[in-house]
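Step one of this worksheet: look at the structure below.
The values are calculated or read from the model by the stated rules, or taken from the named source; none is laboratory data. Model, not experiment: these values are computed from the prediction. All Cβ positions, even for glycine, are placed from backbone atoms using ideal geometry, and neighbour counts span all protein chains on display. Remember, those area values only see protein heavy atoms, side chains included, never the ligands or the DNA or RNA. Shrake-Rupley method; radii C 1.70, N 1.55, O 1.52, S 1.80 Å.
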Amino acid sequence: MLDKKDIEEIKEQLLEKKTKLEKKLSQIAIKDEDGNWEAKYVDQERDDDVNAIEIEEWTNQTSVVEVLVKDLEAVDIALEKIKHNTYGKCEVCGIDIPIERLRAFPEARTCTNCTLPE
Ligand SMILES: [Zn+2]
């Protein structure tokens with residue numbers, strides 16, 4: 001079982017990660033009213049060569065945004081679990097996830113033997 005001190009440390013780690021991810025996201029994306037992140041368009045004009053490159057860049061940016069959003073979601077899920085005292089349990093088999101794994105990967109949702117179904 002995790003003690004209070006462990007949880008506090010992990011929470012700090014998660015919050016720090018969340019801040020970093022949000023900072024990164026805000027540089028390349030904007031949050032809409034529903035709280036969804038959308039990659040920023042570099043330019044709105046559509047009829048020259050430069051714009052084709054920009055659209056390509058934007059597409060790349062979109063996939064970066066997707067990865068960051070996924071990470072951010074995982075961090076949020078972990079923080080939610082801490083709030084509800086369910087943090088540190090494998091979501092598949094229910095055992096306590098070893099503290100070493102949680103320290104290295106605080107948003108882990110399973111133990112090392114399990115993988116989440118897609
Ligand atoms: Zn498991």
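Restricting segment 61-118 to residues that are of a type in the set (Asp, Glu), under 26 Å from Asn36 (Cβ atoms) and outside any helix (DSSP H, G or I), the residue that is modelled with the lowest pLDDT is Glu118. Glu54 meets the conditions (1) assigned to a helix (DSSP H, G or I); (2) modelled with pLDDT of 90 or more; (3) more than 16 Å from the ligand (Cβ to nearest atom) in every case but one. The failed one is (2).
Filtering segment 76-89 to residues that are under 21 Å from Lys4 (Cβ atoms) and either open to solvent by 40 Å² or more (accessible area, probe 1.4 Å) or within 12 Å of the ligand (Cβ to nearest atom) (or both) leaves Ile77, Glu80, Lys83, His84, Asn85, Thr86, Gly88, Lys89.
Among the residues of segment 95-118, those that are without any contact (Cβ under 8 Å) to a residue 60 or more places away in the chain, farther than 14 Å from Lys11 by Cα and open to solvent by 40 Å² or more (accessible area, probe 1.4 Å) comprise Ile95, Pro98, Glu100, Arg101, Arg109, Thr112, Asn113, Thr115, Leu116, Pro117, Glu118.
Looking only at residues in segment 1-18 that are among the hydrophobic types (A, V, I, L, M, F, W, C) and closer than 19 Å to Cys90 by Cβ, the one that is surrounded by the fewest Cβ atoms within 10 Å (Cβ to Cβ) is Met1.
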